[in-house]
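Below is one structure, written out as structure tokens; the observations come after it.
Please treat every number below as a calculation from the coordinates, not as lab data. Being a predicted model, the structure only gives us computed values, none of them experimental. Using ideal geometry, Cβ is built from the backbone for each residue, glycine included, and neighbour counts are taken over all protein chains shown.
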Amino acid sequence: MLSNLKELIPGTEHWPHFVRNRSEQFEARFVMVEVTDSPSVLLEGMAGSCMPIAVAHGEGRAEFADPAQLEAVVGQVALRYIENDGQVAVRYPANPNGSPEGITGLCNADGRVTIMMPHPERVIRSVTNSWHPDDWDKDGPWMRLFRNARRWVG
């Protein structure tokens with residue numbers, strides 16, 4: 001929804017439209033993402049993290065008007081789908097919607113607005129993950145996103 005309101009949000013002029021998945025179906029599963037270095041206040045301190053996350057969407061493919069638009073958002077890319085070896089996922093099923101360069105989350109230029117197709121709210125507790133390392137506490141790593149939001153609002 002926020003990508004369709006980009007005319008109202010400063011610093012989003014190069015955001016893509018999100019369109020139907022390349023698979024032409026609703027995708028719901030766990031995938032791996034990497035948090036990239038971006039100004040996102042929600043993902044502050046998380047850059048470089050590679051974590052499992054839930055996806056559940058039928059229209060998650062980032063569609064850019066042209067290569068220049070894709071290049072213009074490079075510093076605003078907040079999340080990318082990755083393969084199990086850490087490489088950017090460009091193929092199905094690791095990239096469940098077919099977005100170029102595995103893009104699945106962006107922020108605006110100053111980082112106050114972050115959009116993403118995965119659902120971190122579904123995996124904030126360790127027990128909601130189908131598997132997790134033994135050293136995870138009760139909270140999963142995505143809980144940090146919500147703590148960052150709380151800290152930012154004061």
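Of everything in the range 1-25 that's touching a strand residue (DSSP E or B) at 6+ places or on another chain (Cβ under 7 Å) and not charged (D, E, K, R), which residue is surrounded by the fewest Cβ atoms within 10 Å (Cβ to Cβ)? It comes out as 17. Filter the range 29-47 down to the residues that are under 16 Å from residue 83 (Cβ atoms) and more than 12 Å from the chain's Cα centre (by Cα) and list them by number. 29, 30 - these are the residues of the range 29-47 that are under 16 Å from residue 83 (Cβ atoms) and more than 12 Å from the chain's Cα centre (by Cα).
Considering 51, 143, 46, the condition of being of a type in the set (A, V, I, L, M, F, W, C) and touching a Leu at 6+ places or on another chain (Cβ under 8 Å) is satisfied by 46 alone. For the range 89-97, the condition of being touching a residue at least 40 places away in the same chain (Cβ under 8 Å) and of a type in the set (Val, Ile, Thr) holds for none of the residues. Scanning the range 133-151 finds no residues that are touching a Phe, Trp or Tyr at 6+ places or on another chain (Cβ under 6 Å), under 16 Å from residue 35 (Cα atoms), of a type in the set (A, V, I, L, M, F, W, C) and surrounded by 15 or more Cβ atoms within 10 Å (Cβ to Cβ). Among the residues of the range 29-46, the one identified as hydroxyl-bearing (Ser, Thr, Tyr) and touching a Gly at 6+ places or on another chain (Cβ under 6 Å) is 40.
Pairing residues of the range 56-71 that are in contact (Cβ under 8 Å) with a residue 24 or more places away in the chain and among the aliphatic types (A, V, I, L, M) with residues that are surrounded by 14 or more Cβ atoms within 10 Å (Cβ to Cβ) and in a helix (DSSP H, G or I), at Cβ distances under 7 Å and at least 6 apart in sequence or on separate chains, gives 62/100; 70/100. In the condition set (1) touching a His at 6+ places or on another chain (Cβ under 7 Å); (2) part of a helix (DSSP H, G or I); (3) of a type in the set (A, V, I, L, M), residue 5 is compliant with all but (1). Counted as qualifying within the range 43-146 are the strands (runs of 3 or more DSSP E) with 2 or more residues that are of a type outside the set (A, V, I, L, M) and more than 23 Å from residue 1 (Cβ to Cβ), namely 50-57. Here residue 61 clears all of (1) surrounded by 21 or more Cβ atoms within 10 Å (Cβ to Cβ); (2) touching an Asp or Glu at 6+ places or on another chain (Cβ under 9 Å); (3) not polar (S, T, N, Q) except the condition numbered (2). Taking (1) under 21 Å from residue 108 (Cβ atoms); (2) over 16 Å from the mean Cα position of the chain (by Cα) in turn, residue 26 satisfies each apart from (1).
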